[in-house]
Amino acid sequence: MKNLIIFIFALTLTSCTANAQQSADAQKLTLTGCTLPAISHVNDMKITGDTLWFVYETEGGYGQRFLRRAIIDSKNHTLNVGPEMGHKGDGYYVSYMPFSVNNCDGTRLVVSQDDGEIYRAENDSVLSRTKKYIFSDGSSLPFPLSQYVQDVSMVAPDKFVFIGREPNGGTQYALKANITTAQVDTIRRIQLSPELTSWMPNAGELAYSRLHDRLAFAYRLHPIIEIFGMDGKPVKQVRICEDTFNPATLNEADFEDLNPLHFIDITTTDNYIYALMWGCRYAEIKTNAPAIYVIDWSGNIVKTVSIDLTLHRIASISEEQIIGWDGNQFVLINLPD
């Protein structure tokens, strides 16, 4: 069955990245400061000013996530890595699933993804409690929600957007939370078709633009980015190629391995969305060059950039530079004009 699925989709893979018109060069970033452990997976990267905030898992770490910050020196191609954030000593941490969020005042907040608690990042290693939550038992919810919160962004003081899920593998939604009034409201259901109601075949990543007051959701298993307003109304659906997802694979435990993976990560600037496209199965990424699609917030593809190395995560420094994680090291990518 698996061989048949692979054969059916083999002819469609190359078309999803065949539109790349320009290429970008990448240079290794030398790490200074604190020594990093063996990293198995980088979960998230964000940049504020000259600081990279990154969340990662370690080899043998049983899924626990760690947060650090690193000072970027683009001229000398270095990252000065700080200590673990929120480490309380004796193996205990303030949060075991930290997710960094850019505060409206330029400082950094950290949300614990497993319970929605909000912390303030201070100095190089301290996470201080704000005694606030994205939502809690006392919040007014549009429907029952799992405690897990994903892709949190701050819209205004005490106002956030995020991805939330119904319990037990249910549907996922783009939601907005007002911490002051303890109110959570629906923006938009994240679901491509009536048949695919579970969050799993609709997995992906949400990003928010304060300048345009719009959101973008990039699908992991579909070559599609949906851009929509805070009222949930669509701005544009950006489709890169024909869909490759086979719903029959949902019956397989490793259904993600059987389907091409499309948008692996997105990062943004005021003017653009930068979407990392694989267009191949996970096992094939080392022999396939990914592409970065540069898209404006109206849904127009501005350019497509091919990258001659494996990339798993990206974070924008500016419209000219991006930091990437290639599975082993951080790299500085200079985008062509």
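The residue pairs whose first member lies in the range 127-139 and is of a type in the set (Gly, Ala, Ser), whose second member is at pLDDT below 95, and whose beta carbons are closer than 7 Å, counting only pairs six or more residues apart or on different chains, are SER128/GLU122.
Would the range 150-166 turn up any residue that is surrounded by 15 or more Cβ atoms within 10 Å (Cβ to Cβ), under 25 Å from PHE245 (Cα atoms) and in contact with a helix residue (DSSP H, G or I) (Cβ under 8 Å, 6 or more places away or on another chain)? Checked against the condition, which is being surrounded by 15 or more Cβ atoms within 10 Å (Cβ to Cβ), under 25 Å from PHE245 (Cα atoms) and in contact with a helix residue (DSSP H, G or I) (Cβ under 8 Å, 6 or more places away or on another chain), the range 150-166 yields no hits at all. Applying the selection to the range 83-97, what residues are surrounded by fewer than 19 Cβ atoms within 10 Å (Cβ to Cβ), part of a loop (DSSP other than H, G, I, E, B), on the phi < 0 side of the Ramachandran plot and not aliphatic (A, V, I, L, M)? Listed by number, the residues that qualify are PRO83, GLU84, TYR96.
Of all residues in the range 318-331, those satisfying the criterion of being open to solvent by less than 50 Å² (accessible area, probe 1.4 Å) and either modelled with pLDDT under 95 or out of contact with any Lys or Arg (no Cβ under 8 Å at 6 or more places or on another chain) (or both) are SER318, GLN321, ILE322, ILE323, ASP326, GLY327.
Out of the residues in the range 223-245 that are open to solvent by 30 Å² or more (accessible area, probe 1.4 Å) and in a loop (DSSP other than H, G, I, E, B), which is nearest to VAL152 (Cα to Cα)? Steps first, please.
Going through the range 223-245, the residues open to solvent by 30 Å² or more (accessible area, probe 1.4 Å) turn out to be 230-231, 233-237, 239, 242-243.
From the residues that got through so far, the ones that are in a loop (DSSP other than H, G, I, E, B) too are 230-231, 233, 242-243.
On the way: MET230: 14, ASP231: 17, LYS233: 20, GLU242: 30, ASP243: 27 Å.
Looking at the filtered set, the residue picked out is MET230.
If you filter the range 287-310 down to residues that are at pLDDT below 95 and of a type in the set (A, V, I, L, M, F, W, C), you find that the one that is nearest to HIS262 (Cα to Cα) is ALA289.
Could you list all residues from the range 261-285 that are part of a strand (DSSP E or B) and of a type in the set (A, V, I, L, M)? Reasoning before the result, please.
Of the residues in the range 261-285, the ones part of a strand (DSSP E or B) are 261-268, 272-280.
Answer for the range 261-285, where residues must be part of a strand (DSSP E or B) and of a type in the set (A, V, I, L, M): LEU261, ILE264, ILE266, ILE273, ALA275, LEU276, MET277.
Return a yes/no flag: does the range 211-222 have any residue that is loosely packed, with under 15 Cβ neighbours inside 10 Å, more than 17 Å from the chain's Cα centre (by Cα) and part of a strand (DSSP E or B). Scanning the range 211-222 turns up no residue that is loosely packed, with under 15 Cβ neighbours inside 10 Å, more than 17 Å from the chain's Cα centre (by Cα) and part of a strand (DSSP E or B).
The values are calculated or read from the model by the stated rules, or taken from the named source; none is laboratory data. Predicted model only: the values in this text are computed from it and were never measured. All Cβ positions, glycine included, derive from the backbone under ideal geometry; neighbour counts span all protein chains shown. The protein model used for the area step is the full one, side chains on, heavy atoms only, and it has no ligands, DNA or RNA in it. Shrake-Rupley method; radii C 1.70, N 1.55, O 1.52, S 1.80 Å.
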